[in-house]
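Enquirer: If you scroll down you'll find the structure; I have some questions about it.
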Amino acid sequence: QVQLVESGGGLVQTGGSLRLSCTASGRTFSSYGMGWFRRAPGKEREFVAAISWGTARTEYADSVKGRFTISRDNTKNTVYLRMESLKPEDTAVYCCAARSSGRSRYAAAYDYWGQGTQVTVSS
């Protein structure tokens, strides 16, 4: 079992930055692929970014490419999402997720989920 706890959300103005953190406990974090997803009010959950466990290779949704950066620190059991040049359309609850092999942009591929952290970008 893996427990995931997100932090770092908040209210920020358009063009601002935030860094989200997701800390894992319970199993060997370094062997898990990690992802960030978000859900805006009235919309479906969507993929944001993912990172592999071994090579730390990353992939991003087109909507955030060049603005968001996913990274991980296996010594701290933590994955980060650095968000820059934020836009009002980035407003959502951001959740991290873990899976036991590789990375994926598909939510159904993940085994464990955090509760999420709210990000609100004001115009």
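The values are calculated or read from the model by the stated rules, or taken from the named source; none is laboratory data. Small disclaimer: the values here were computed from a predicted structure and weren't measured. Because the Cβ atoms are built from the backbone with ideal geometry, glycine has one as well, and the counts that use them run over all protein chains shown. In case anyone asks, the SASA skips ligands and DNA or RNA and just uses the protein heavy atoms, side chains included. Shrake-Rupley method; radii C 1.70, N 1.55, O 1.52, S 1.80 Å.
Enquirer: Can you work out ³J(HN,Hα) from phi for every residue in the stretch 28-39, in order, using Karplus 6.51 cos²θ - 1.76 cosθ + 1.60 and θ = phi - 60°, giving whole Hz and x for Gly and Pro?
Expert: Once θ is set to phi - 60°, the couplings for the stretch 28-39 become 6, 4, 5, 9, 9, x, 10, x, 10, 10, 9, 9 Hz.
Enquirer: Counting alpha carbon pairs within less than 8 Å and at least 6 residues apart, what relative contact order, in whole percent, applies to the chain?
Expert: 36
Enquirer: Lone cysteines in the chain, defined as no other cysteine's Cβ under 4.7 Å from theirs: which are they?
Expert: So far as the 4.7 Å Cβ criterion goes, Cys95 stand without a partner in the chain.
Enquirer: Seen from all sides and averaged, what is the projected area of the convex hull of the Cα atoms in the stretch 21-78, in nm²?
Expert: 4.6
Enquirer: In 10 Å bins starting at 0, how do the alpha-carbon pair distances of the chain split up by percent?
Expert: Reading upward from the zero bin: 15, 51, 29, 5, 0.
Enquirer: Which value, in Å², gives the accessible area per residue of the stretch 24-123 when a 1.4 Å probe is used on the protein heavy atoms?
Expert: Dividing the accessible area of the stretch 24-123 by its residue count gives 50 Å².
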